[in-house]
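Chemist: Take this structure, written in structure tokens, and hold onto it; I'll ask about it next.
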């Protein structure tokens, strides 16, 4: 319903209209009866209305602007004050004729005429009863027409259906007034006080938001019940529209008020941040967008970034997820997408750098030069996954720095020792509190390029836990076929690792997952010889310690013989860490004397070494006496390089029992059993009386029982020890051996040959006995490392005995 005319008449209040009299009363049934009994005049002046329809009993204001209409109103107001009011079919017609107006209209009585300041005339009229135009008599100076009455069919007073319709109209009208904020609440008072049913229908019809055509159709209905029902239908539609409109307005108002509130708070926060010298949320977003323009990422990454930054813009900066989202976008901007450092292909320069920083390690250097050569020729290749495998202290980790310098790449290193959380490699999902990317992505961010030299230190020391298996997570990182799309949980996108040169370091291959080991190219970094250690100490270790202690080469001088004495007497390792510690002690000795202004020998002598380091700890006389039967020198591989070990055996009266001691593993004990059974089955060939096996117990011992020992390499050593024991003959002097044995009498090859050879040289061994199949391992070793050594290659146990045991009896042989 539109605004009630009983309250406001187009901005002209009824009180203004009749300020000295009472308000126009509502039409009562008596008034209605009186109007119905009035006789209509035969002719009436016809006032055409442009955009409204007058219903019987309804009071409306009319503003007349046309000259013909003003004259009609003035003449009628002076006379009977009764006119005929008819609606125009087309409101755009300025001077309507008979054909431009509807035939059905309403007789109206002029209540008051008001002259407006603009020259127009406003007239307040009230409808009386309906009529039909019979014939237009004149059109000048205004329209006059003959009319005839239109009877109205009213239902009976006790018609229940009609009463229900009227009640529904009243109730619905009150609901519309209640829901429509444009209708004053006083209008409900008017509705409640209408007593006439026909007037209620006419009043509601007049005030509904209907078109002229729809209102005219209602006016032309002769049956009051049908008109009431049609009015109720229109009211239902209007009420539904009103409810929908109010619902929409309520939602919009709520959204607007929430937006205004947020906007106000954001503006306040922005002002506070600016006062404190910080960066506002909007400025931060704009800065990120500006940085993104300079990134060299592809369309897929750019699309993802734009999506994520739009998500950040919609976030409230106070929520916890905002900081995670900001960190995520910062990571995106800091990562070196498609940013690569230029490789240097000067192979001679690269070789000089490698030789400068590391003495020896020829296999590794050769492999790096090969890689550079291929890269130079092809200019594009997947970087290899190298694994430097060897004992501690041989320079595996520091080799990565030299490779990075030789290639002209950035150097990155992460230590994997003890790592047990898979998220350290793959990162955390953003849903977790404190989420962060994995160490691979973090290191690339730190490097600033997508093709650094990446050292994965101690890859053999990765461990497992309930938080996952990091070594399995490394499979994708170290697979050249997969790492072009390495997926980090925090990054939520694939990152190209194919141009990264990964260099892993390991002390042992046995603890590396087989699938992970398969993805890497194993390069064996063996231990150093005494000569190499002396050169390393002279070129690298001594200058380094002098620098760290604030001295120069003029403050202390250690010649090669003294360095060799330190190596032989105070270190027993494959690497040079222990040697560096001993040299550091010598340098501190000089630093102390300089600081205390005491005299000391700048040129270090052997006596000075003994004074500072104490007596030689590792110089042992191993071969002065080979007159004892059953003592043989073996070669062993340990995690810290090669070593020598003694196999001792002795006979005692008994029943042929075999005892084995020395903290030996299962495999080593089996080797002793195999050697014993082989000797028993071939006693005649060895010249042994078979009866001694039942009269004597045999005890085999390997000294240094605190050190666990295991492996098949001591097989031929135990065999030689037992044959020497049972025959009471000497073992060849300065001889060491290594090899596995079988019950068939065969000698099998073993590993760690180079480390064992170095251990033999340190122990002043002169001859080494090996399996024939180990000949290829010896051929791979530089000839200068083998200087002073004689090798004997065997395939059968009988060959071992012939080469190792002499025909000389030991001093004071035991009578068996």
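Chemist: For segment 569-584, what are the residues that are within 46 Å of the chain's Cα centre (by Cα) and not in a loop (DSSP other than H, G, I, E, B)?
Modeler: Here is the first cut: in segment 569-584, the ones within 46 Å of the chain's Cα centre (by Cα) are 573-581.
Passing the criteria: 577, 578, 579, 580, 581.
Chemist: Of all residues in segment 527-568, how many are surrounded by fewer than 14 Cβ atoms within 10 Å (Cβ to Cβ) and part of a helix (DSSP H, G or I)? Steps first, please.
Modeler: Of all residues in segment 527-568, those surrounded by fewer than 14 Cβ atoms within 10 Å (Cβ to Cβ) come to 543, 547-548, 550, 552-554, 557, 559-561.
Checking the rest, the ones that are also part of a helix (DSSP H, G or I) come to 543, 547-548, 560-561.
Looking only at that region, the number is 5.
Chemist: In a helix (DSSP H, G or I) and within 17 Å of residue 236 (Cα to Cα): which single residue out of 205, 163, 198 fits that description? Working first, answer last.
Modeler: Numbers: 163 fails: within 17 Å of residue 236 (Cα to Cα); 198 fails: within 17 Å of residue 236 (Cα to Cα).
When all the criteria are applied, what remains is 205.
Chemist: Sort out which residues of segment 781-816 are over 30 Å from residue 688 (Cβ atoms) and either surrounded by 17 or more Cβ atoms within 10 Å (Cβ to Cβ) or free of Cβ contacts under 8 Å to residues at least 24 places away in the same chain (or both), and write them in order of number. Walk me through it before giving the result.
Modeler: Keep residues of segment 781-816 that are over 30 Å from residue 688 (Cβ atoms), which gives 781-789.
Answer for segment 781-816, where residues must be over 30 Å from residue 688 (Cβ atoms) and either surrounded by 17 or more Cβ atoms within 10 Å (Cβ to Cβ) or free of Cβ contacts under 8 Å to residues at least 24 places away in the same chain (or both): 783, 785, 787.
Chemist: Answer with yes or no whether residue 68 is touching a strand residue (DSSP E or B) at 6+ places or on another chain (Cβ under 7 Å), within 15 Å of residue 47 (Cα to Cα), surrounded by 15 or more Cβ atoms within 10 Å (Cβ to Cβ) and in contact (Cβ under 8 Å) with a residue 24 or more places away in the chain. Don't jump to the end; show me each part of the working.
Modeler: Details: touching a strand residue (DSSP E or B) at 6+ places or on another chain (Cβ under 7 Å): no; within 15 Å of residue 47 (Cα to Cα): yes; surrounded by 15 or more Cβ atoms within 10 Å (Cβ to Cβ): yes; in contact (Cβ under 8 Å) with a residue 24 or more places away in the chain: yes.
Here the answer is no, as residue 68 does not meet what is asked.
Chemist: Among the residues of segment 482-492, is there at least one that is more than 26 Å from residue 434 (Cβ to Cβ), in contact with a helix residue (DSSP H, G or I) (Cβ under 7 Å, 6 or more places away or on another chain), at pLDDT below 85 and buried (at least 22 other Cβ atoms within 10 Å of the Cβ)? Spell out the reasoning first.
Modeler: Of all residues in segment 482-492, those more than 26 Å from residue 434 (Cβ to Cβ) come to 482-485.
Then keep just the ones that are in contact with a helix residue (DSSP H, G or I) (Cβ under 7 Å, 6 or more places away or on another chain); that gives 482-483.
With the extra rule that they be at pLDDT below 85, the set shrinks to 482-483.
Remaining after also requiring buried (at least 22 other Cβ atoms within 10 Å of the Cβ): 483.
Checked segment 482-492: at least one residue is more than 26 Å from residue 434 (Cβ to Cβ), in contact with a helix residue (DSSP H, G or I) (Cβ under 7 Å, 6 or more places away or on another chain), at pLDDT below 85 and buried (at least 22 other Cβ atoms within 10 Å of the Cβ).
Chemist: Failed condition for residue 108, given (1) touching a helix residue (DSSP H, G or I) at 6+ places or on another chain (Cβ under 8 Å); (2) touching a residue at least 24 places away in the same chain (Cβ under 8 Å); (3) within 21 Å of residue 221 (Cα to Cα), with all others met?
Modeler: Failing condition for residue 108: (1).
Chemist: From the list 604, 609, exactly one residue is over 19 Å from residue 548 (Cβ atoms), surrounded by 13 or more Cβ atoms within 10 Å (Cβ to Cβ) and more than 52 Å from the chain's Cα centre (by Cα). Which is it?
Modeler: On the way: 604 fails: over 19 Å from residue 548 (Cβ atoms).
One residue alone meets the criteria, 609.
Chemist: Sticking with this one: Limited to segment 165-191, what total is found for residues that are in contact (Cβ under 8 Å) with a residue 24 or more places away in the chain and touching a helix residue (DSSP H, G or I) at 6+ places or on another chain (Cβ under 7 Å)? Even if it seems obvious, please write down each step before you answer.
Modeler: Keep residues of segment 165-191 that are in contact (Cβ under 8 Å) with a residue 24 or more places away in the chain, which gives 165-166, 168-170, 172-173, 175-177, 179-180, 182-184, 186-187, 190.
Then drop every residue that is not touching a helix residue (DSSP H, G or I) at 6+ places or on another chain (Cβ under 7 Å), which leaves 165-166, 168-170, 172-173, 175-177, 179-180, 183, 187.
Qualifying residue count for the region: 14.
Chemist: Can you tell me which residues in segment 197-215 are crowded, with 19+ Cβ neighbours inside 10 Å and either over 28 Å from residue 246 (Cα atoms) or without any contact (Cβ under 8 Å) to a residue 12 or more places away in the chain (or both)?
Modeler: 197, 198, 199
Listed here are the residues, each with its yes/no results for (1) without any contact (Cβ under 8 Å) to a residue 24 or more places away in the chain; (2) over 18 Å from residue 679 (Cα atoms); (3) buried (at least 20 other Cβ atoms within 10 Å of the Cβ).
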residue	(1), (2), (3)
695	no, no, no
700	no, no, yes
722	no, no, yes
731	no, no, yes
734	no, yes, no
748	no, no, no
751	no, yes, no
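Condition check ((1) loosely packed, with under 14 Cβ neighbours inside 10 Å; (2) closer than 23 Å to residue 98 by Cβ) across all residues:
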| residue | (1), (2) |
| --- | --- |
| 113 | no, no |
| 116 | yes, no |
| 119 | yes, no |
| 123 | no, yes |
| 129 | no, yes |
| 145 | no, yes |
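Chemist: Considering (1) surrounded by 15 or more Cβ atoms within 10 Å (Cβ to Cβ); (2) closer than 30 Å to residue 461 by Cα; (3) modelled with pLDDT of 80 or more, say which one residue 355 fails and leave the rest.
Modeler: With respect to (1) surrounded by 15 or more Cβ atoms within 10 Å (Cβ to Cβ); (2) closer than 30 Å to residue 461 by Cα; (3) modelled with pLDDT of 80 or more, residue 355 is out only on (1).
Chemist: Taking segment 762-816 only, how many residues are more than 20 Å from residue 731 (Cβ to Cβ), touching a strand residue (DSSP E or B) at 6+ places or on another chain (Cβ under 9 Å) and in a loop (DSSP other than H, G, I, E, B)?
Modeler: 1
Chemist: State all residues of segment 301-317 that are in contact (Cβ under 8 Å) with a residue 40 or more places away in the chain and more than 26 Å from residue 265 (Cβ to Cβ); if no residue qualifies, say none. Spell out the reasoning first.
Modeler: We begin by selecting, within segment 301-317, every residue in contact (Cβ under 8 Å) with a residue 40 or more places away in the chain; these are 301, 304, 316-317.
Result: 301, 304.
Chemist: Same structure again: State yes or no: is residue 515 surrounded by 16 or more Cβ atoms within 10 Å (Cβ to Cβ) and under 43 Å from the mean Cα position of the chain (by Cα)?
Modeler: On the way: surrounded by 16 or more Cβ atoms within 10 Å (Cβ to Cβ): no; under 43 Å from the mean Cα position of the chain (by Cα): yes.
It is false that residue 515 is surrounded by 16 or more Cβ atoms within 10 Å (Cβ to Cβ) and under 43 Å from the mean Cα position of the chain (by Cα).
Chemist: Follow-up. From 81, 71, 2, which residue is touching a helix residue (DSSP H, G or I) at 6+ places or on another chain (Cβ under 7 Å) and at pLDDT below 90? Give the derivation first.
Modeler: Numbers: 81 fails: touching a helix residue (DSSP H, G or I) at 6+ places or on another chain (Cβ under 7 Å); 71 fails: touching a helix residue (DSSP H, G or I) at 6+ places or on another chain (Cβ under 7 Å).
Exactly one residue qualifies, and that residue is 2.
Yes/no matrix, rows are residues, columns are (1) at pLDDT 85 or above; (2) touching a strand residue (DSSP E or B) at 6+ places or on another chain (Cβ under 7 Å); (3) surrounded by fewer than 11 Cβ atoms within 10 Å (Cβ to Cβ); (4) outside any helix (DSSP H, G or I):
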site: 227; (1), (2), (3), (4): yes, no, no, no
site: 233; (1), (2), (3), (4): yes, no, yes, no
site: 240; (1), (2), (3), (4): yes, no, yes, no
site: 252; (1), (2), (3), (4): no, no, yes, no
site: 261; (1), (2), (3), (4): no, no, yes, no
site: 268; (1), (2), (3), (4): no, no, yes, no
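Chemist: Moving on. Looking at 788, 752, can you tell me which residue is at pLDDT below 90 and over 58 Å from the mean Cα position of the chain (by Cα)?
Modeler: Details: 752 fails: over 58 Å from the mean Cα position of the chain (by Cα).
Exactly one residue qualifies, and that residue is 788.
Chemist: For segment 289-300, give me each residue that is in a loop (DSSP other than H, G, I, E, B) and either free of Cβ contacts under 8 Å to residues at least 24 places away in the same chain or under 21 Å from residue 264 (Cα atoms) (or both). Walk me through it before giving the result.
Modeler: In the first step, residues of segment 289-300 are kept if they are in a loop (DSSP other than H, G, I, E, B); the result is 294-298.
If the condition is that a residue be in a loop (DSSP other than H, G, I, E, B) and either free of Cβ contacts under 8 Å to residues at least 24 places away in the same chain or under 21 Å from residue 264 (Cα atoms) (or both), then 294 is the only one that fits.
Chemist: If you don't mind, there's one more thing I want to ask. Report whether or not residue 388 is part of a strand (DSSP E or B) and either without any contact (Cβ under 8 Å) to a residue 60 or more places away in the chain or in contact with a strand residue (DSSP E or B) (Cβ under 6 Å, 6 or more places away or on another chain) (or both). Break it down into steps so the answer makes sense when it comes.
Modeler: Values: part of a strand (DSSP E or B): yes; either without any contact (Cβ under 8 Å) to a residue 60 or more places away in the chain or in contact with a strand residue (DSSP E or B) (Cβ under 6 Å, 6 or more places away or on another chain) (or both): yes.
Yes: the conditions hold for residue 388.
Chemist: Give segment 705-741 a look and list any residue that's closer than 18 Å to residue 662 by Cβ, modelled with pLDDT under 90 and assigned to a loop (DSSP other than H, G, I, E, B), or say none.
Modeler: 705, 706, 707, 708, 710, 711, 712, 713
The values are calculated or read from the model by the stated rules, or taken from the named source; none is laboratory data. Here the structure is a predicted model, which is why all the values come from computation and not from measurement. Cβ: placed from backbone, ideal geometry, glycine included. Neighbour counts: every protein chain shown.
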